[in-house]
Amino acid sequence: MGFLKWVVAFSILCNFLATPTLSISSFLNKEEFANISVNFLNLAKRPELFDWIVRIRRTIHENPELGFEEFETSKLIRNELDKMGIFYKYPVAVTGVVGFIGTGKPPFVALRADMDALAMQEEVDWEHKSKIPGKMHACGHDAHVAMLLGAAKILQEQRDDLQGTVLLVFQPAEEGGGGAKKMLESGILDNVDAIFGLHVSPISPIGTVAASSGPIMAGSGFFEAVIKGKGGHAAIPQHTIDPILAASNIIVSLQHLVSRETDPLDSQVVTVAKFKGGSAFNVIPDSVTIGGTFRAFSKESFTQLKQRIVEVIKRQAAVQRCNATVDFDIKNRPFYPVTVNNKALHEQFRNVAGQMLGIDKIIEMKPTMGTEDFSFFAEAIPGYFYFLGMVDETKGRFESGHSPFYRVNEDALPYGVALHASLATTYLLEHQLKSTTRDQNVHDEL
């Protein structure tokens with residue numbers, strides 16, 4: 001495809017003929033800029049590429065693997081990268097793979113896809129249903145991997161025209177394992193200048209995207225508490241110290257942290273979703289275990305909420321003559337930061353998506369209390385995370401993520417492929433233009 005090389009040459013020429021600025025849109029008119037995104041979408045919709053992407057997605061869907069166990073998924077990815085002639089590093093964070101396309105030199109831009117499945121039984125009755133009992137791709141990660149591989153195939157075809165290096169980040173353990181954090185700790189992304197990620201959406205129509213600048217998803221953590229009392233016969237409670245009663249009071253008091261102690265304009269959540277205690281109708285148990293999640297949109301609020309959870313649990317237990325311990329299990333379930341979209345990358349995204357889909361197809365996303373471990377990347381590197389619409393009313397209802405009836409509309413896959421490729425290419429192009437502008441400015445000064 002010669003359009004990318006032509007665009008680069010044209011933009012550099014414009015740089016020397018016009019007053020330099022730092023925006024790609026200043027060098028490329030709307031038609032020229034649109035050519036990049038539209039051509040990538042046309043490439044992504046080629047029947048042979050679409051069929052290949054669908055086949056990849058279905059193969060992964062049939063063989064789901066949990067966090068840090070994605071060995072077969074990782075093997076499939078590596079085999080496909082080998083066929084494309086793409087260099088990669090493996091293992092990264094146990095099962096992760098990072099591929100490299102382009103010059104091997106700066107700037108570096110990363111595209112991320114998560115790989116892991118969920119521990120649940122699939123209830124969708126179709127030809128490519130999960131073959132592994134109790135495991136299912138119920139959050140679209142199979143589609144995410146397939147789309148990134150599709151983008152890799154297109155970008156590899158244009159590798160000689162890329163103005164830097166694209167990293168393909170296939171990440172393990174998004175579903176609670178903090179795989180993104182472990183990939184960062186490996187140092188593989190130390191020189192990356194920006195990173196993009198996406199998630200298929202069962203809410204937005206196909207052909208649309210949803211995103212916004214700034215905080216879009218909450219920071220989160222998990223907690224578990226053991227309340228210990230003294231068990232005994234239910235008929236003589238005066239001879240016991242009832243941990244069930246203590247746990248019940250604790251749960252009610254925890255709700256006051258949001259309703260009575262939090263600014264109504266500062267979104268926070270505390271939810272107790274686990275309660276285990278006793279196994280007989282007439283026996284008061286020795287102990288009760290409760291657990292849940294807490295979420296907030298700032299580090300300060302998150303830290304305060306964590307502190308108050310500990311205080312409420314321990315002090316309310318003491319009121320009921322019980323003892324309590326609280327465990328956040330950070331090693332196995334690290335706290336997730338707030339997901340914050342970079343402002344400059346938001347403008348680039350709007351330009352790319354607007355030219356590809358139409359500006360009216362970009363939905364301004366409202367912040368959600370859901371979490372995403374892409375936040376680890378976006379905390380360390382300028383990052384941007386968006387949602388890819390896949391709803392088609394003619395294909396029935398699309399259930400939300402983590403449902404045993406979750407489905408992916410495969411017609412949405414080419415859009416994700418094209419957005420990946422376009423965002424990486426235009427990011428590198430803009431940085432190449434900035435570099436040329438800086439060189440020209442130095443020349444002028446000399």
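As a ratio to 2.2 N^0.38 Å, the alpha-carbon radius of gyration for the stretch 308-369 is 2.09.
Counted by Cβ distance under 10 Å from Pro107, the other residues give a net charge of 0, where Lys and Arg count +1 and Asp and Glu count -1.
Each of Asp82 and Glu224 was given a label point 7 Å from its Cα along the Cα-to-Cβ line. The distance between the two points is 3.9 nm.
Note on the stretch 50-116: Cα-only Rg and Dmax are 12.8, 38 Å.
For the stretch 99-107, backbone phi angles converted through the Karplus equation (6.51, -1.76, 1.60; θ = phi - 60°) give residue-by-residue couplings of x, 9, 10, x, 7, x, 10, x, x Hz, Gly and Pro being listed as x.
Applied to the stretch 161-174, the Karplus parametrisation 6.51 cos²θ - 1.76 cosθ + 1.60 on θ = phi - 60° returns per-residue 3J(HN,Hα) values of 9, 5, 9, x, 10, 9, 9, 9, 9, 9, 9, x, 6, 7 Hz, with x for Gly and Pro.
Normalised by the number of residues in the chain, the average gap of Cα pairs under 8 Å and 6 or more apart makes the relative contact order 24 percent. The mean of 1/r over all distinct Cα pairs in the stretch 214-359, once inverted, gives the Kirkwood hydrodynamic radius of 17.4 Å.
Taken per residue, the accessible surface of the chain reaches 44 Å², heavy atoms only and a 1.4 Å probe.
Ordering 77-84, 368-375 by mean Cβ neighbour count within 10 Å, with the highest value first, yields 368-375, 77-84.
The protection proxy used here, the mean number of other Cβ atoms lying within 10 Å of each residue, ranks peptides 177-186, 310-319 as follows, highest first: 177-186, 310-319. Using Cβ point charges alone (K and R +1, D and E -1), the dipole size of the stretch 228-282 about the Cα centre works out to roughly 340 debye. Stretching Ala234 away from Arg46 to a fully extended chain increases their span by 60.7 nm, per 0.36 nm per residue minus the current alpha-carbon distance.
Taking Cβ atoms as reference points and 14 Å as the exclusive limit, the residues near Met390 contribute a net charge of -1, counting Lys and Arg as +1 and Asp and Glu as -1.
Taking a Cβ cut-off of under 14 Å around Ala424, the surrounding Lys, Arg, Asp and Glu residues balance to a net charge of -1, with basic ones at +1 and acidic ones at -1. Here the Karplus curve 6.51 cos²θ - 1.76 cosθ + 1.60, taken at θ = phi - 60°, turns the phi angles of the stretch 256-269 into couplings of 6, 4, 8, 6, 10, 10, 10, 4, x, 8, 10, 5, 9, 9 Hz, with x standing for Gly and Pro.
Beyond 25 Å, the tail of the calculated P(r) for the stretch 85-220 holds 34 percent of the Cα pairs.
Between the amide H of Asp286 and those of Gly231, distances stay under 5 Å, these residues lying 5 or more places away or on another chain, with hydrogens modeled in the peptide plane. For the peptides 109-115, 409-415, residues were scored by their other Cβ atoms within 10 Å and the scores averaged per peptide; the highest-first order is 109-115, 409-415. Counting other Cβ atoms within 10 Å of each Cβ, which chymotrypsin sites (Phe, Trp or Tyr not before Pro) in the stretch 190-291 have at most 14 and sit in a DSSP loop? When the chymotrypsin sites (Phe, Trp or Tyr not before Pro) of the stretch 190-291 are filtered for loop state and at most 14 Cβ neighbours within 10 Å, Phe281 remain. Given a 1.4 Å probe and every protein chain left where it sits, what share in percent of the accessible area of the chain is carbon and sulfur? Of all accessible area on the chain, carbon and sulfur atoms account for 53 percent.
Seen through its C-alpha gyration tensor, with square-root eigenvalues sorted a ≥ b ≥ c, the stretch 33-148 comes out oblate because a/c lies at 1.5 or above while a/b is not bigger than b/c. Each part reduced to its alpha carbon centroid, the stretch 168-213 and the stretch 355-417 end up 11 Å apart.
Any idea which of Leu49, Gln158, Gly383 is furthest toward the positive side of the dipole for the chain, if Lys and Arg beta-carbons carry +1 and Asp and Glu beta-carbons -1? About the Cα centre, the residue reaching furthest to the positive side is Gly383.
The values are calculated or read from the model by the stated rules, or taken from the named source; none is laboratory data. Here the structure is a predicted model, which means the values were calculated and not measured. Quick reminder, even Gly has a Cβ in these numbers, built from the backbone with ideal geometry, and neighbours come from all protein chains shown. Keep in mind that these areas ignore ligands, DNA and RNA; they rest on the heavy atoms of the full protein, side chains included. Shrake-Rupley method; radii C 1.70, N 1.55, O 1.52, S 1.80 Å.
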